[in-house]
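Notes to accompany the following structure.
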Amino acid sequence: MHAVFVDASDTLAELMERLAAPDDPPVTIHRDPDVTPEQLPEVLAGAAIALIDHTYLPTEIARQCAGLKHVVFLGTGARSYMNVEELAELGIEVHLIRGYGDTAVAEATIALMWAAARNLAVMDREMRQGQWLREDGMQLTGKTLGLIGFGGIGAEVARIAHGSGMKVIAWNRSTKQIDGVSFVDLDTLLRDSHVVSMHLLLNDQTRGFLSRQRIAAMRPGAILVNTARGALVDEAAMIDALRSGHLRHAALDVFDIEPLPIGHPLTTLANVTLSAHSAFRTPEASENLITAARAHCRRIAASG
C-alpha cells in the first residue's frame, strides 16, 4: 500500500525520511508545501494514502484521486481543510493525530497571554518606529484564567498557569475532575475570567462557539487567546469588542482565513497580537507528529 506526503516542508520531509522503520509502507515525499488542491490528483497518482499537513482537499478534488482510501491529516483540525463526512461517502477515511504538540501549543498559549497582558507587541512595534511607548500591563498573578475546552492542551496550560500564580477555571463538554481546576458553567467562566483561552476542536457544533452574545458576556477588559481554530470565534464580533474596548486584547495564532490577508482588520488594531498558526511548531512536536503519521500508515497497511 503506497502513501504520498503531498505538502512536505523541508523539516517534515527530513523527519519523514529519518524516522522510517523497515516495515513501513512506502511513502513518496512531495517536497512542495505550496502545492495546490488542483495538483493533488497528479501528486497522489493512484496512492491509497495521502498524508496532508495543511493543504485543502475539496470533495470534488478527492473524487478525482483514483485509489485514494485514507487521509492521514497531520493534526486534529482536518475539518478546516476538508469535509470529513463527504469524504467518508466517497469511501475515504480521515485519520487525525492527537496529543503530539500539547506542550508546544500550551507554551505558545501562555506566551501569547503574557505578551497580551504586558502589551509587548505594541511596545515593540512603536519602539522600532522611534517611539518610547510605555504601557501599563495587566498583572496576571492572582487573576483568573478560563479554559474553554479541557483536553491535553488545556491540561498543560493549566499546569503552567498554576506556576504563575493564576486561578484556573474551565468549561468542558464532558464532566472532569482535575486537581487545582474548578469546572464551571460557561456563563460563570465568561463572567469571571480575566483571560479566556480557546481549546475546543472545530466541528459543526463548535463552529462560531464564542458568539457575539458570548463575547458580550465576557468580563469587561478581558484578554482572549485562541490557539485552537479561528472559526471557533465570531471574528466580526471579536473585532467590534476590541474596537470598543470591551476586550482588552486578543492574542491569536489561528484565523478564519489563513494566511491572514494583507490589510485584514485584525492587522490594523493595536490591541491584537498575531502569530502565524505556529503554536505547535517545535522540533519536539514535529518529531512526535511524524512518528505518529508513520504509525498510522503501518496500521492502515496492516489492516489491508
Which residues, taken from the stretch 145-173, are part of a loop (DSSP other than H, G, I, E, B) and either of a type in the set (Phe, Trp, Tyr) or open to solvent by less than 40 Å² (accessible area, probe 1.4 Å) (or both)? 149, 150, 151, 164, 165, 166, 172
Being touching a residue at least 40 places away in the same chain (Cβ under 8 Å) and touching a His at 6+ places or on another chain (Cβ under 8 Å) is the filter here; which residues of the stretch 28-54 pass it? 46, 47, 48, 49, 50
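Yes/no matrix, rows are residues, columns are (1) open to solvent by less than 10 Å² (accessible area, probe 1.4 Å); (2) within 22 Å of residue 140 (Cβ to Cβ); (3) touching a residue at least 24 places away in the same chain (Cβ under 8 Å); (4) touching a Cys at 6+ places or on another chain (Cβ under 6 Å):
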| site | (1), (2), (3), (4) |
| --- | --- |
| 229 | no, no, yes, no |
| 234 | no, no, yes, no |
| 243 | no, no, yes, no |
| 247 | yes, yes, yes, no |
| 251 | yes, yes, yes, no |
| 259 | no, no, no, no |
| 264 | no, no, no, no |
| 270 | no, yes, yes, no |
For residue 188, are the conditions met, namely being free of Cβ contacts under 8 Å to residues at least 60 places away in the same chain, part of a helix (DSSP H, G or I) and polar (S, T, N, Q)? yes
Touching a strand residue (DSSP E or B) at 6+ places or on another chain (Cβ under 8 Å), surrounded by fewer than 19 Cβ atoms within 10 Å (Cβ to Cβ) and part of a helix (DSSP H, G or I) - does that describe any residue in the stretch 207-219? no
Going through the stretch 47-94 in order, the residues found to be open to solvent by 50 Å² or more (accessible area, probe 1.4 Å), in a loop (DSSP other than H, G, I, E, B) and either small (Gly, Ala, Ser) or farther than 23 Å from residue 228 by Cα (or both) are 63, 64, 66, 69, 90
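The values are calculated or read from the model by the stated rules, or taken from the named source; none is laboratory data. As the structure is a prediction and not an experimental result, all values here were calculated from the model. Quick reminder, even Gly has a Cβ in these numbers, built from the backbone with ideal geometry, and neighbours come from all protein chains shown. Just so you know, the surface numbers come from the protein's heavy atoms only, side chains and all, with ligands and any DNA or RNA stripped out. Shrake-Rupley method; radii C 1.70, N 1.55, O 1.52, S 1.80 Å.
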